[in-house]
Amino acid sequence: MSTAIQPVFYTVREEPGFLDNLKNDMKRQAGKDHDILLERPVIYIHVWQSAEDAADGKWSIYIGESTNIIERTRQHYRDALDPSLWQYRMATDKDRQGKTVVPVMYVFGHKHFSLSMTRDIENRLIAYSLANPHANPRNGRGNPQRDYYGMDDTDDIFRMIWNRLRRENGDLFPAESKVIKSAVYKASPNHRLTQEQEDAKEKIKDRAADAVINNKKGQLIFVEGEAGTGKTVLTSSTFYELLDSDVIRNRNLKCHLLVNHEEQLNVYKNMAAKLGFKGDVVLNPTEFLNTHTVTDRATGKRIPDPQRQADVVFVDEAHLLWTQPKQSYSSKYSGLQLDDIMSCARVTVIMFDENQILRKEQFDDLDHMEKKRLLAKSQGPDPVNPDPALVRDNYIWLENQLRMNCSARTLGWIDGLSHELIVGGLRLDSKSRDSEGYEVVIFDDPASLQRAIRRKAAKAESELSRLIATYDWKYKNGEWAPAKQKYWRVKIGDWWLPWNGQHYWLDIRPHLNRRERRKTEALDWAEQEHSIDEVGSTFTIQGFDLAYAGVILGPSVRYDPDTDRIWFDESKRAWDKMKGNRTLSDGTSVNVTEAISRHELRVLLTRGTRGLYIYACDDDLRDALKNAVYTSE
């Protein structure tokens with residue numbers, strides 16, 4: 001079901017005295033539809049630009065919903081007397097000329113509006129503003145709605161509202177595709193959660209509150225799920241909702257979100273700042289440990305500081321934590337990084353995916369993480385037998401794949417490639433698409449793959465389409481490539497492209513001013529326009545989505561026709577930290593090349609939300625993939 005009924009739109013400059021004539025002015029502008037604005041739920045938006053905003057290319061924005069727009073507007077201006085509230089800023093901010101700003105108010109009504117629908121649209125507008133680098137939101141978190149009557153019309157009505165706002169201010173209200181593709185939007189706490197995610201969020205909040213109220217220590221909540229099961233959205237939604245909860249606020253508790261991934265860390269920091277959380281709420285793990293430990297005089301090691309103990313700590317991408325105490329980090333600390341974090345917090349919540357362990361130093365003895373799973377299953381209000389067949393307590397498993405909009409058949413085929421290393425058959429419905437419209441195409445050469453990805457990236461709905469590759473070509477972080485080749489690059493025959501960041505740092509950044517650099521570097525790699533002329537690595541794209549993923553399987557990924565299986569050629573790997581032997585905590589040595597290579601394959605093949613394009617350097621693998629994918633027509 002959908003609707004073509006247009007919203008009723010009203011706009012006014014909030015000049016001195018405008019409130020006296022607001023009701024009559026609404027009647028005049030809306031005509032016979034004025035009752036839709038004055039007697040029913042509406043969405044309203046206040047926009048203004050202070051001198052500070054203008055210097056950063058931003059606008060301040062507040063988004064709300066009301067069943068009495070006249071009284072709500074009057075209330076906002078009464079609240080403008082309180083310097084601690086956003087209304088005070090709206091009423092007193094100065095523009096570039098030193099004059100008091102004149103805000104603009106937009107109001108939308110609709111015949112189908114209910115309180116639930118206006119709250120749903122308000123929530124989405126807030127999520128969009130949080131993700132927009134030109135917006136300075138004065139809202140906090142929104143209020144995601146569950147199912148409600150008329151929900152089928154919401155997308156159409158929202159799109160009409162957004163398109164009308166775009167005509168008013170194209171920078172503050174850009175094309176939807178630009179917002180939706182951003183990493184900040186994807187990590188927004190304002191997304192409507194699935195039932196599985198909602199259940200997980202409530203369980204995490206309940207277990208954290210139980211531990212805080214009953215003064216428990218050493219509590220671990222272990223959330224596990226593969227790539228695309230919604231761990232990042234769950235983390236963001238749960239963490240910020242917990243920060244706003246009474247149990248945290250009333251006790252003045254200390255909460256932190258940690259992630260050991262630079263690009264994802266920036267995403268979370270940007271979100272925290274826009275939500276009004278200042279200081280050290282979001283940190284990398286080492287920063288957290290350095291500020292929550294002291295040096296033990298007897299051993300010289302860092303130990304938990306009882307004066308700085310955290311209450312609740314979330315760790316996203318826990319598979320990126322340092323493992324064995326053999327690194328430079330271990331000169332200060334005695335244990336594994338997760339153990340050290342847990343020793344500094346009453347409750348630790350981790351998001352973990354074993355299939356995203358991609359470096360030898362992350363490849364801990366898996367027995368250690370299994371012990372953590374069992375610990376989580378044994379904790380909580382009602383500890384139970386940690387048998388996974390029984391009720392789990394502080395352990396949560398996320399099952400549903402949310403990233404890839406593909407059929408179960410396509411997902412099973414990708415599972416076979418990346419988990420079982422089997423090239424099975426994949427029957428598509430038509431034009432290289434499965435029954436859900438997901439595209440799978442195998443290419444004969446990298447140039448054709450590049451052209452196809454560029455075509456997808458040229459379309460607004462699939463703008464976030466990029467090339468990514470296995471780590472089979474040399475790249476040294478922090479070092480310049482040999483002068484004769486200029487870039488660290490992916491080279492196949494006569495075709496080549498720079499690795500991620502090379503084109504930007506060498507050719508683009510030197511010509512940007514400080515503001516342009518800051519704007520560009522605040523974006524995820526795939527969001528930067530120039531990245532269409534680069535190739536991303538597993539580490540660049542880990543944790544992020546693409547519309548169409550153009551995957552280059554390098555020479556290390558090979559196929560054996562005799563066994564009908566994929567295998568990995570260690571000699572073709574370009575980075576020592578992704579191949580060879582790893583000494584485990586018990587002293588035994590194991591070869592980790594196949595495990596890491598399988599994980600890398602999994603990460604690359606599961607990035608595309610709308611399509612997967614593949615070129616394989618190995619002739620046998622390329623032929624096997626081409627023969628495996630066919631159309632039913």
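The values are calculated or read from the model by the stated rules, or taken from the named source; none is laboratory data. Computed from a prediction, not measured in an experiment: that's the story for all the values here. Reconstructed Cβ throughout: ideal geometry from the backbone, glycine too, with neighbour counts over all protein chains shown. Heavy atoms of the whole protein, side chains included, go into the accessibility calculation; ligands, DNA and RNA do not. Shrake-Rupley method; radii C 1.70, N 1.55, O 1.52, S 1.80 Å.
Data overview
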quantity: Antiparallel DSSP beta bridges within the chain, percent to nearest 5; calculated: 45 percent
quantity: Probe 1.4 Å, accessible area per residue of segment 436-533, Å²; calculated: 54 Å²
quantity: HN-Hα J in Hz across segment 496-503 - Karplus 6.51, -1.76, 1.60, θ = phi - 60°, x for Gly and Pro; calculated: 7, 9, x, 5, 3, x, 5, 4
quantity: Of 99/254; 201/579; 278/377; 99/269; 231/459; 186/491, those spanning more than 30 Å from alpha-carbon to alpha-carbon; calculated: 99/254; 201/579; 278/377; 99/269; 186/491
quantity: Portion, in percent, of the accessible area of the chain that falls on carbon or sulfur, probe 1.4 Å; calculated: 46 percent
quantity: Dipole moment magnitude, nearest 20 debye, the chain about Cα centre, only Lys, Arg, Asp, Glu C-beta charged; calculated: 1860 debye
quantity: Sorted peptide list for 5-18, 89-102, criterion being average Cβ within 10 angstrom, highest first; calculated: 5-18, 89-102
quantity: Cα centroid separation - segment 462-501 against segment 216-252, whole Å; calculated: 37 Å
quantity: Whole-number accessible area per residue in Å² for segment 556-633, which is evaluated in the context of all protein chains at 1.4 Å; calculated: 45 Å²
quantity: Protection proxy ranking, peptides 123-134, 146-157, 43-54, average beta carbon neighbours within 10 Å, highest first; calculated: 123-134, 43-54, 146-157
quantity: Helix-only mean residue ellipticity at 222 nm for the chain, each DSSP H run of n ≥ 4 adding -39500 (n - 2.57), per residue, nearest 500; calculated: -9500 deg cm²/dmol
quantity: Rounded accessible area per residue of segment 94-235, 1.4 Å, Å²; calculated: 38 Å²
quantity: Peptides ranked, highest mean first, by Cβ atoms within 10 Å: ranges 337-346, 289-298; calculated: 337-346, 289-298
quantity: Whole-angstrom gap from segment 429-453 to segment 580-625, using each part's C-alpha centre; calculated: 21 Å
quantity: Bridge type composition, segment 537-633 - antiparallel percent by DSSP, nearest 5; calculated: 50 percent
